[in-house]
């Protein structure tokens, strides 16, 4: 069996263009799907997929590790976020092909299932593009949180922290403290709450001030309280607060995660399988985290193919904890799939049984939502004095 072509299918989902990667083979009807979505970098990633295609066309798709190494090492230059996303989408599609060729779900190829269900969490109003509610009106925000939980979830991730510089003004801290407390009171103790700082604080002291304000509600974790890439600073912060921390969506290589693990910088790592080398990279990262007593909570606010990839990873990963999903981000999320394994049942995803990833993109349906310039919410990340903030 040989790879004959690598194609991309771009689907506009308002704030993101989903980038689906299709790897074709010389076996009639046998192809694989992956996802390489990277926010606001659509043209660059699709170009990188085209650049990497010559490394795999004509090769045996069953040699997944071999082809991943070929794409990474023959590229010479470090691939970075854009190149690693392209590689990840191709790599995922190879697993899909292998599972289909052997007649087994991908999780079976990863060592078999270690759990019977996959716990998930969602965002406010399931991440719906038109469902945003600001934190200024605490009552309206809590109404939206309650509405989300009543859709069948027992875990939700929320944004409590405003755009932040090197300081944390006392009125902002007090507002975040009150907001978090009222949210906890509204949903009770049976719902896990996570909060994403998006790396907004520029200083450890500012991050600590906001974490201390939120810590009394006992969140499952605080995500990216500072910018990624400085494991020593994250470890310092972790020892100064009474709250589990998480990071990893903007880290790409096992070496980066090893630095985090060796310093015991967080309680949970969050690799994104669309950026970290796909399932192969994700498995290496999970093993590093397991050796450091860290759980894995994969990042995934993207499309249905990325969700299917994450599902198979979660089924077979011993130190998996909880999975991010965004199946409500657009009302037609499921419409572009002719097969779809991400049904919410009893607050969880169920173990898929179809060969490969168990998902198939309906390209005619996908064509109804062609590439458009995405909405970029980061453009309003400006502090009161006009300085650019971390979104």
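The calculated 222 nm mean residue ellipticity attributable to helices in the chain amounts to -11000 deg cm²/dmol, summing -39500 (n - 2.57) over DSSP H runs of n ≥ 4 and dividing by all residues. Between the alpha-carbon centres of the range 66-101 and the range 201-243 there is a gap of 33 Å. With no solvent and one point on each alpha carbon, what is the Debye value of log10 I(q)/I(0) for the chain at q = 0.09, 0.10 Å⁻¹? Per q value, in the given order, log10 I(q)/I(0) is -0.50, -0.63.
The share of C-alpha pairs in the range 208-275 whose separation exceeds 21 Å stands at 20 percent.
Helix 170-187 axis versus longest C-alpha principal axis of the chain: approximately 70°, rounded to the nearest ten. Distance between the modelled labels on residue 391 and residue 5, one decimal in nanometres: 3.3 nm (7 Å Cα→Cβ projection).
Counting 0.36 nm for each residue step from residue 250 to residue 115 and taking away their Cα separation leaves a gain of 45.9 nm.
Highest mobility in the GNM of the chain, judged by mean-square fluctuation with C-alpha springs under 10 Å and restricted to 114, 23, 330, is found for 114. With a cut-off of 19 Å on the backbone N, the residues of the range 213-228 near the modelled label site 7 Å out from residue 167 along Cα-Cβ are 213. With the simple spin-label model, which puts each label point 7 Å out from Cα in the Cβ direction, the residue 146 to residue 338 separation comes to 4.5 nm.
Among 47, 111, 229, which one shows the highest mean-square fluctuation when the chain is modelled as a Gaussian network with alpha-carbon springs under 10 Å? Among 47, 111, 229, the largest GNM mean-square fluctuation belongs to 111. Angle, helix 304-316 long axis vs. longest principal axis of the chain, Cα atoms, 0 to 90°, nearest 10? The helix 304-316 is inclined about 90 degrees to the chain.
Rounded to the nearest 10 degrees, the angle from helix 64-73 to the longest Cα principal axis of the chain is 70 degrees.
How many percent of DSSP beta bridges within the chain run antiparallel, rounded to 5? Of those bridges, close to 55 percent are antiparallel.
Out of all Cα-Cα pairs in the range 113-266, roughly what percent, to the nearest whole number, are more than 19 Å apart? That tail contains 55 percent of the Cα-Cα pairs. Label sites at residue 362 and residue 27, each approximated as a point 7 angstrom past Cα along Cα to Cβ, lie 2.6 nm apart.
What do you get for Rg/Rh over the range 210-353 if you use C-alpha atoms and the Kirkwood form of Rh? Expressed as Rg/Rh, it is 0.99.
Sorting 66, 299 from the fewest to the most surrounding beta carbons within 10 angstrom yields 66, 299.
Where is the GNM fluctuation largest for the chain (alpha-carbon springs, 10 angstrom cutoff): 309, 269, 149? Taking springs between Cα atoms under 10 Å, the residue moving most is 149. Taking only the alpha carbons of the range 8-117, we obtain Rg and Dmax values of 14.4, 41 Å in that order.
Just so you know, all these numbers are worked out from the coordinates, no wet-lab data involved. Nothing here was measured: the structure is a model prediction, and the numbers come from that model. Quick reminder, even Gly has a Cβ in these numbers, built from the backbone with ideal geometry, and neighbours come from all protein chains shown.
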